[in-house]
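The values are calculated or read from the model by the stated rules, or taken from the named source; none is laboratory data. Everything numeric here is computed off the predicted structure, so don't read it as measured data. Every residue, glycine among them, receives a Cβ derived from its backbone with ideal geometry; neighbour counts consider all protein chains shown. Just the protein is used for accessible areas: all its heavy atoms, side chains included, with ligands, DNA and RNA removed. Shrake-Rupley method; radii C 1.70, N 1.55, O 1.52, S 1.80 Å.
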Amino acid sequence: MTSSPAHRTPAADGAWHVVAPPDVCRRLGTDPQHGLSREEAAARLARDGPNLLPEAPRRSLLAMAWEQVREPLVLILLAATAVSVVLGEYTDAAVILAIVALNTLLGVTQESRAEQALEALKAMVRPTARVLRGGHVVELPAQELVVGDVVLLEAGARIPADLRLLQTYNFQVDESPLTGESVPVHKEAGASVPADAPLGDRRNMAYMGTTATYGRAVGVVVATGQGTEMGRIAALLQEGEPEPTPLQRRLAELGKVLGGLVLGVVVVVFGVGLLRGEPLLDMFMTAVSLAVAAIPEGLPAVVTIVLALGVQRMARRRAIVRRLPAVETLGAATVIASDKTGTITQNRMEAVQAWVDGEMVDLRQPGQPAGGLVWLLRGGALCNDARLECEERADGAPWRAVGDPTETALLEVAARWGIWPGELAEALPRTGEVPFDSVRKRMATLHANAPGGLTWPGPAELAQARWLLFVKGSPESVLSRCRALAQAGAIRDLDDDARAAAQEAAARMAQGALRVLAVAARPLSQPPEAMDEATAERDLVLVGLVGLIDPPRPEVAEAVRLARSAGVRPIMITGDHRETAVAIAAQVGLLREGDGRRRVLTGVELDGTSDAQLEQMLDDVDVYARISPQHKLRIVEALKRRGHVVAVTGDGVNDAPALRRADVGAAMGVTGTDVAKGAADMVLADDNFATVVAAIAEGRTIFDNIKKFVHYLLSANLSEIMAIFGAILLGMGRPLTAVQILWVNLVTDGLPALALGVEPPEPGLMRRPPRRRGEGVFAGGMAWRDAYQGLLLASLVLGVFGWMQRTGHDMAAARSAAFATLAMAQLVHAFNMRSLTQSLFRIGLASNRWMVGAFVAALALQLLALLWPPLASAFGVVPLGRAEWEVIAVASLAPLPVVEAVKAIERAVRARRASGNAR
Ligand code: ATP
């Protein structure tokens, strides 16, 4: 990655905090209303380079190769080879060197492949920024930002460059990455800041790498890339190595333990061999080769490749993994705690129903709005951060909606009823706001209502107010701040009857699966003293309710069913109304039938529940409604205490703690904030619940596959050790030479093992329960399987070796036959490992075409080594007769029927046990 040159604009020398916004824009040659033109931005990008911080240089291929060769055992092998050169064993030395070179090549290819895959993953989660370009709001990769760009920020956004703030609305920023100060800082575009103020006190600036935690702001880019404050200290911030996954860590440890064991055995083999009269150097070479071949030091690297390949497959299914350990955890997930809006539903909102002046109005039949409906539609469009852009649209649509779907739906319904939001906003300019957040569940905006401007129907107290404050939000949160109700041209007290009527109307809409918002207004003769909820959001007059449909995603019902069959319980945790949540949950089958148990819990009820009580209820409750982010965190923690492995979805800035706390935090790719994405293990590119389920299936497959090749390698390596140890103990001589051992290992460890890593999902993958938390690759009697399979292969090799000796062949011929048998039996055995429990013939002989290819290629290589005279002589192989080949063929194929038979017995025992348990 190239780093961009420093390009602070010299005029201000970084002291932009003392320059007033209009001057800043003038000096930077930008227009705060329209931003830069596309051409100007392109020119600046070409001049200044991308907005990137320098990254650590990639490891060179040579460095990777050196790491491969540096292994102590490889060095010993090379030293031994040098000795054999001195003794005149040129062929062996050349072959060993060639094999070590090939092995290094294989290792380097694998590692660089793994690195590339990890790079590609990083690229998928590159941050974006919302920018004004040529008068339009566009979402750009943050690296394309240039000095002078006007950037729009809201809660949860990562600050993409150094900005001088032009406008701020209750804007707060977490600057801990820069200053270490963990309390969010209030920012104020208009604040005057002394020239010598330290970074943390520059309240009218926002710096790259920090995050917005609250409110909204507009800022102009004053420095990018290395020119930013972060760029100055970036040398200190370079990313570390990706953390190893728990499995990788365990395998690395296993590798060490096994390495020790193998070394021990090899020393014994060497000693016994010498006692049995084997030549010293030959025996030494055999022992070292055996150690090199049989110690699985490459396991963690292969695991990385398989994880990375799996992660690429997940990305194709729209689940983008940010942290590798999540892949393993996914396969063990027992609960998916999902949001509703946008995850289970489509997030394509449409306002369909209104309640105004005490009556329901069908919003799908537009007409001339009158009375309360005017207030509702205008209020909903004014108290709104979305926008409709009218440019020529290829698809013929009248506008392009930009912003939160709840809000665009309100703009669209207003427009359909003849109220144009753009004109409205001009007639009633917004002068203040209290932003939306998911705890308050409402927002407020203040507007100047100039006399002689728009005319309003209805009560004079409202219509002629000099200032109008609009509030929209969940009915409960708005109603509790209302004093009155606008109805039929008058303002009446919000007495118990009126309140009950409004609540009943809201409940009716919600039961129809509508998302309900209340809109209220407050007439003011002057702006409130402060734009905070206590001062501004009170004494409201309710103008009406609006109901939005947001249909479930069609694929969710099937995904819910699939998750259940896989022993993963889906639950819904939503900020929305109880009735809306229940209606949607029922539509997708997420709500289990009422059997007297409590299936729904609201935030208010949760507040009255102790942790112990909550834990008791967890297994029953399917839907949590009117939940705030703190509740969500509580639920996640309770689930974890009950031993669940929890996958959680989230999007808002306040969801970060729950995402972090979850075993797998999944952030929304489309609607999610940068903060949520930063806290998550995984990003759902399509925000879809079904994607979580697909990711769980992939996670299970990946774990299965890792298990398959780990045990393939272990059983194969074990067979080599057992064969050589056995032969020497039994006084049969060395069944394989050093170069033969190295070669077999190269041929079988390489391609077939990798092919096992990309096995397709096993049938029944999503009909079996999740793996238990912390269950490693040895669970379920795997060590026993490795042992019997290693022994099986070793016996076959020794059988052939012994038979050759008894039928009067010399040592070279006997070794040639053992060499052929070992390699080919291992290749056949790879097919056994394609499923640890199911019959190869059930999963299909050719269902993994990589395996077929790997088998053909490896077999061809082995046959070359056996039959092509130049190679054969290098390996000390002598020609064999037809009868010998027949014996080798039978022995090599034998692992298949034997392991199939054992699997069948295991399946029968398991079925018997299962039915015994059922009885
Ligand atoms: P989920 O948690 O499943 O995504 P949600 O999107 O409904 O559900 P929030 O975004 O926290 O959760 O919204 C909670 C409530 O706040 C909504 O039910 C609605 O009443 C209200 N609300 C949502 N968006 C807005 C908005 N833009 N302005 C005002 N109120 C809103």
In the range 657-674, anything surrounded by 24 or more Cβ atoms within 10 Å (Cβ to Cβ) and either modelled with pLDDT of 90 or more or outside the structural domain of Gly331 (by TED's automatic domain parsing) (or both) is listed as Ala658, Leu659, Ala662, Val664, Gly665, Ala666, Ala667, Met668
Given the conditions (1) open to solvent by 20 Å² or more (accessible area, probe 1.4 Å); (2) away from the ligand (no atom under 16 Å from the Cβ); (3) touching a strand residue (DSSP E or B) at 6+ places or on another chain (Cβ under 8 Å), report the number of the one that Glu389 does not fulfil. (1)
Please go through the range 388-418 and give me each residue that is among the hydrophobic types (A, V, I, L, M, F, W, C) and at pLDDT 90 or above, ordered by number. Ala409, Leu410, Leu411, Val413, Ala414, Ala415, Trp417
Looking at the range 714-744 only, could you name the residues that are surrounded by 24 or more Cβ atoms within 10 Å (Cβ to Cβ), out of contact with any Lys or Arg (no Cβ under 9 Å at 6 or more places or on another chain), within 25 Å of Ala252 (Cα to Cα) and not charged (D, E, K, R)? Leu714, Ala716, Ser719, Ile741, Leu742, Trp743, Val744
Within the set of pairs 6 or more residues apart or between chains, which connect a residue that is in contact (Cβ under 8 Å) with a residue 40 or more places away in the chain inside the range 327-347 to a residue that is more than 16 Å from the ligand (Cβ to nearest atom) and of a type in the set (Phe, Trp, Tyr) with Cβ atoms less than 9 Å apart? Val327/Phe703; Glu328/Phe703; Leu330/Phe703; Gly331/Phe703; Ala332/Phe703
Quick one: Ala694 ticks every box in (1) open to solvent by less than 10 Å² (accessible area, probe 1.4 Å); (2) outside the structural domain of Leu796 (by TED's automatic domain parsing); (3) among the hydrophobic types (A, V, I, L, M, F, W, C) except a single one, so which number is it? (1)
Residues being assigned to a loop (DSSP other than H, G, I, E, B) and open to solvent by 10 Å² or more (accessible area, probe 1.4 Å): count how many of those fall in the range 209-231. 1
Show the residue pairs that are 6+ apart or on different chains and have beta-carbon atoms under 9 Å apart, the first residue being within the range 493-519 and closer than 17 Å to Asp362 by Cβ and assigned by TED's automatic domain parsing to the domain that holds Ala581, the second being more than 16 Å from the ligand (Cβ to nearest atom) and open to solvent by less than 50 Å² (accessible area, probe 1.4 Å). none
Just the residues that are within 13 Å of the ligand (Cβ to nearest atom) and either among the acidic types (Asp, Glu) or farther than 15 Å from Ala680 by Cα (or both), please, taken from the range 316-341. Asp339, Lys340, Thr341
Among what's in the range 755-773 and is of a type in the set (Gly, Ala, Ser) and in contact with a helix residue (DSSP H, G or I) (Cβ under 8 Å, 6 or more places away or on another chain), pick the residue that is farthest from Leu307 (Cα to Cα). Ala755
Only one of Val439, Val434, Val374 that is of a type in the set (A, V, I, L, M), within 14 Å of the ligand (Cβ to nearest atom) and not in a loop (DSSP other than H, G, I, E, B): Val434
Are any residues in the range 36-77 part of a helix (DSSP H, G or I), surrounded by 13 or more Cβ atoms within 10 Å (Cβ to Cβ) and small (Gly, Ala, Ser), and if so, which ones? Ala41, Ala42, Ala43, Ala65
Residue satisfying all of: in the range 503-529; out of contact with any Gly (no Cβ under 9 Å at 6 or more places or on another chain) and open to solvent by less than 40 Å² (accessible area, probe 1.4 Å); farthest from Ile584 (Cα to Cα) among these: Leu524
What are the residues in the range 862-906 that are more than 30 Å from Arg815 (Cα to Cα) and open to solvent by 80 Å² or more (accessible area, probe 1.4 Å), if any? Ile905
Hey, among Leu330, Leu281, Leu274, which residue is open to solvent by 10 Å² or more (accessible area, probe 1.4 Å), out of contact with any Pro (no Cβ under 7 Å at 6 or more places or on another chain) and at pLDDT 85 or above? Leu274
Exception for Glu605 within (1) over 20 Å from Thr691 (Cα atoms); (2) within 16 Å of the ligand (Cβ to nearest atom); (3) in a helix (DSSP H, G or I); (4) out of contact with any helix residue (DSSP H, G or I) (no Cβ under 8 Å at 6 or more places or on another chain) falls at (2)
Which residue out of Thr574, Thr580 is closer than 18 Å to Ala658 by Cα, within 13 Å of the ligand (Cβ to nearest atom), touching a strand residue (DSSP E or B) at 6+ places or on another chain (Cβ under 8 Å) and polar (S, T, N, Q)? Thr574
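Yes or no, residue by residue, for (1) farther than 30 Å from Asn745 by Cβ; (2) part of a strand (DSSP E or B); (3) in contact with a Gly (Cβ under 6 Å, 6 or more places away or on another chain):
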residue	(1), (2), (3)
Val302	no, no, no
Val327	no, no, yes
Gly367	yes, no, no
Pro398	yes, no, no
Would you confirm whether or not the range 566-587 contains a residue that is open to solvent by 10 Å² or more (accessible area, probe 1.4 Å), hydrophobic (A, V, I, L, M, F, W, C) and modelled with pLDDT of 95 or more? no
So which residues in the range 590-600 are out of contact with any helix residue (DSSP H, G or I) (no Cβ under 7 Å at 6 or more places or on another chain) and touching a residue at least 24 places away in the same chain (Cβ under 8 Å)? Arg592, Arg599
If Arg316 satisfies all but one of (1) closer than 30 Å to Gly259 by Cβ; (2) free of Cβ contacts under 8 Å to residues at least 24 places away in the same chain, what's the number of the condition it fails? (1)
Looking only at the range 342-362, count every residue that is crowded, with 24+ Cβ neighbours inside 10 Å and either within 41 Å of the chain's Cα centre (by Cα) or within 15 Å of the ligand (Cβ to nearest atom) (or both) and tell me the total. 8
Scan the range 502-515 and give yes if some residue there is within 13 Å of the ligand (Cβ to nearest atom), among the small types (Gly, Ala, Ser) and assigned to a helix (DSSP H, G or I), otherwise no. yes
Show me the strands (runs of 3 or more DSSP E) found entirely inside the range 121-194 where at least 3 residues are of a type in the set (A, V, I, L, M, F, W, C), without any contact (Cβ under 8 Å) to a residue 60 or more places away in the chain and under 23 Å from Gly678 (Cα atoms). 162-174
One residue from Val546, Val556, Val568 being more than 16 Å from the ligand (Cβ to nearest atom) and among the β-branched types (Val, Ile, Thr): Val568
